[in-house]
1. For residues that are in a loop (DSSP other than H, G, I, E, B), closer than 15 Å to A:ALA148 by Cβ and out of contact with any strand residue (DSSP E or B) (no Cβ under 6 Å at 6 or more places or on another chain), tally how many sit in region A:410-426.
2. Scan region B:58-68 and tell me whether some residue there is within 14 Å of chain A (Cβ to nearest Cβ), assigned to a helix (DSSP H, G or I) and farther than 16 Å from B:MET130 by Cα.
3. Out of A:ALA429, A:ALA407, which single residue is more than 30 Å from A:ILE290 (Cα to Cα) and assigned to a helix (DSSP H, G or I)?
4. Kindly establish whether A:MET196 is in contact with a Ser or Thr (Cβ under 7 Å, 6 or more places away or on another chain), surrounded by 15 or more Cβ atoms within 10 Å (Cβ to Cβ), in a loop (DSSP other than H, G, I, E, B) and not aromatic (Phe, Trp, Tyr).
5. Every residue in region A:429-459 that is of a type in the set (Val, Ile, Thr) and in contact (Cβ under 8 Å) with a residue 40 or more places away in the chain, please.
6. Please list, ordered by first then second residue, the pairs with beta carbon atoms under 7 Å, 6 or more apart or interchain, first in region A:291-305 and closer than 24 Å to A:THR333 by Cα, second open to solvent by 60 Å² or more (accessible area, probe 1.4 Å) and of a type outside the set (Val, Ile, Thr).
7. Would region B:129-137 turn up any residue that is open to solvent by less than 10 Å² (accessible area, probe 1.4 Å), among the polar types (S, T, N, Q) and assigned to a loop (DSSP other than H, G, I, E, B)?
8. Considering only residues of region B:212-226 that are within 14 Å of chain A (Cβ to nearest Cβ) and either assigned to a loop (DSSP other than H, G, I, E, B) or in contact with a Lys or Arg (Cβ under 7 Å, 6 or more places away or on another chain) (or both), which is nearest to B:GLY133 (Cα to Cα)?
Amino acid sequence: MGEKAEIIIADHLLIPRSSQSTESNKTGSWRFLRPRYDEKTAPCSAACPAGEDIAMIEMLTTQGLFKEAWDTILKENPFPAICGRVCFHPCERRCNRGEFDEAIAIHAIERFLADTAARNEFKSSLEKQPERKEKIAVIGAGPSGLAAAYFLAILGYACDVFESMPEAGGVLRWGIPEYRLPVSVLRSEIVRIEDMGVRIYTGTSVSRDFLSNARGEYDAVFMGCGHSRSRKLAIPGEGLEGIEEGIVFLDRIRRGETDAVKGTVAVIGGGNTAVDVARSVVRLGGKALIVYRRRRQDMPAFEDEISMALEEGVEIRELLAPVRIDRAGDYFTLTVQAMRVAGEETDGRAAIEPEVDKADEIVIQKIFKAIGEEAAEEWYNPAERGKQRLTLGNSVLVHRDDGIVVAYGGDLTNDTKSVVHAVASGKEAAMALDVFFRKGFHAIQQELAAYMVGNGPSLSMETYMKGRRSERNHHVVAYDEINIDYFNLAARITQPRLLIDERKKTFGEIDLKISANLAIREAERCFNCGLCNQCDNCYLFCPDLAVCRDDSLQGRHINYDYCKGCGLCVVECPRNAMVLEEEGQ
Amino acid sequence: MELMVHDQEYMSSGHVGCPGCGAAIAMRFLLKALGDKIIIILPACCWSVIAGPYPQSTLHVPVIHSAFETGGAVASGVKAALDMKGDKETTVVTWAGDGGTFDIGFQALSGAVERNEDFIYVCYDNEAYMNTGIQRSSSTPYGAWTTTTPGDEWKRLRKKNIVEALVAHRIPYAATANIAFPEDLVRKAKKAQSITGSKFLHIYASCPTGWRIASELSIKIARMAVQTNIFPLYEVEDGVKYTINYRPKEYPVSEYFKLQGRFQHLTEEDLEHIQKMVDEDWALLLRKAGEHPS
């Protein structure tokens, strides 16, 4: 006792000691299901007529990579600053987040990126294809013509754009009011297209003979002349002095030629032109009354525009069809027939019929007609005859007997008359012409089908140019394929706007800028459906350490020597960027 | 998800855990948190097998396989030996299943923590004796099928509340953790490592084989256990200071039960009864933590 205990260190412990790793057990042989990285298509991008890679744009935005996000838009759409403002954003209606809480404000982020690019004078990093020998004429510098020229330039073609008006832009310049699209924004987008080598000849009208004489100078023509002539009401009194076409009125405002409007004005029609006219009337001091023969919900105008018009004091009188106009001194009497709903049209709008013996009279000081537009000249419309003729999702191609191909796009071919549909037709035509020059007319339809976003009809130029997006699975991710355990409820941003009282007095832009902070926060709400955002869940939760980080773009790979095929990585992937398949398939 | 730990792994592929094994995931996270200056005492449990047949070992740290009932005692001895060697940096960790903790090793565990031995005792809980063939333990929850509570004889007794039993010993640190919440798990393991005296971690680890669940759902079910309040994430310092670490979404318990084969026999009334028990336990925990229901 009292002695210090002796510590015995055994040189050879008499217990068995393991000396090998388990890595010689190739547990991958247990597997009958095989996980794999498999990026898919987000519903928003499939719903976007321009096929923008929205899930990727939002992901880059969350990382503060605004330039890269903006470049990603430019791969599919030359007009982020314009579409961020005026697009009716069909993408947001298909947003999976809408089933969780509220859709992502995709348009607000698009506009933020474009404004950020303008403020920082970003130069786009678009890659152009090697120069081609073919030359293409584009008739009309509206959204479809400019988009066609832009994408043709990317594909390496020289383009001449002919525009009858003194400035390029078409409906963007002369139709859409300044409070939705400031002219400076339009100009900077057009400058970028010109910088790509596209020549725009303004004030240059093109006659019918142009198509017949094009051969020799041009190898193809894109027709994007738009719809610029108002349709007729075909009622007595339509021709009375003081009854104006809505589209001419908008054009005069954008030239800076309008005076104040006094008293109550009737605007006949329910499309975007009618709503733009009514809201412009309010800004010029008048009271606007939209007279529409169906119901408000049947109006072809975009919903947001209608609700803002109502906020600004525009009145909508629905289910009234004009039957005649009379003039008495300074006043017009618009006689209207009451209509009633009688079933449904094929497009979902109400079918209507007159309600017997129910007519009314509306007394106003001015009338604008805005029941829709049509091509100003008959030959603008797609030719019915030619060697070959092809109707695509957003454009029509006619292979003329003289060998050149004429592509028709924009309002001339699109059912939905929107800027983004015009962009879609320009892109589609550019890709179709490229296929035509390389492989012939017969190859166009089949070839383009391979570049659809999801199930189409939107097309991707990035895919066409064999960019990284071409690896994407066409499967469109559904809401129940998202692992919502990884997302928390968060309200959509509220678009800051001018106060209603200010809106009524000025043509200044209504939607105000949002901060980078807000834009990032909104982009962070995005599920990034189908895309890997390097969240690392697959790596973290693998019980077999079979997910290995590497330097590839994917950032990791699966070691099938050890993967037992439990499927945890696939289920824990929040955004369905992986797939589990039966082994041997 | 970022764990705020090194990317270093301290175990190898090729271990023989079942596909989707929650216990393997739990070990991986624990090792990432504690690093390689540790010695693991491994009483009989699934991990006795998972670690590999002799002479293999899947773990990159020293492991002592010990008898079923001796997790607490062997750890005490190893710690004493380290003290004699003057090694102050090595953390002693007992890694035991629920059988070796709740039942067979409870005496040794209780003795060790009563002496406030300086070690971390981790129980990875898969709620039955899994590797011997799914026999019920005192951790098996109310309502569960096992091979020893088969058919209509399903377990009609509550799961032992092991954390509260350890808290009653007034040890410096006791906490629950869950494989679906790795950041929380890693933080708690590191915290335990920084505290002197007895620490107890109760880690929920799903078992696809024993629970009759699809292997790919083992994280989802673990997460659901927290979101339904069946397995709250909380920690207790010095036996008195309760902190609830995560306020769950409080889904109905049926969301948890319907995903698992071992609960398929339960009727609506059974589920209502279980919901009452869960609500009761949660209310009690809230009171202990001085928090209010949401």
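The values are calculated or read from the model by the stated rules, or taken from the named source; none is laboratory data. Model, not experiment: these values are computed from the prediction. Positions of Cβ are backbone-derived with ideal geometry, glycine not excepted, and every protein chain shown enters the neighbour counts. Quick note on the areas: whole protein, heavy atoms, side chains included, nothing else; ligands and nucleic acids left out. Shrake-Rupley method; radii C 1.70, N 1.55, O 1.52, S 1.80 Å.
1. Matching residues across region A:410-426 total 1.
2. Looking for residues that are within 14 Å of chain A (Cβ to nearest Cβ), assigned to a helix (DSSP H, G or I) and farther than 16 Å from B:MET130 by Cα, one finds none in region B:58-68, hence no.
3. Only one candidate qualifies: A:ALA429.
4. When the stated conditions are applied, A:MET196 does not pass them.
5. A:ILE444, A:VAL453
6. A:VAL291/A:ARG317; A:TYR292/A:GLU318; A:ARG294/A:GLU318; A:ARG294/A:ARG349; A:ARG295/A:GLU318; A:ARG296/A:GLU318
7. Yes, region B:129-137 contains at least one residue that is open to solvent by less than 10 Å² (accessible area, probe 1.4 Å), among the polar types (S, T, N, Q) and assigned to a loop (DSSP other than H, G, I, E, B).
8. Restricting to residues being within 14 Å of chain A (Cβ to nearest Cβ) and either assigned to a loop (DSSP other than H, G, I, E, B) or in contact with a Lys or Arg (Cβ under 7 Å, 6 or more places away or on another chain) (or both), the top hit is B:ILE213.
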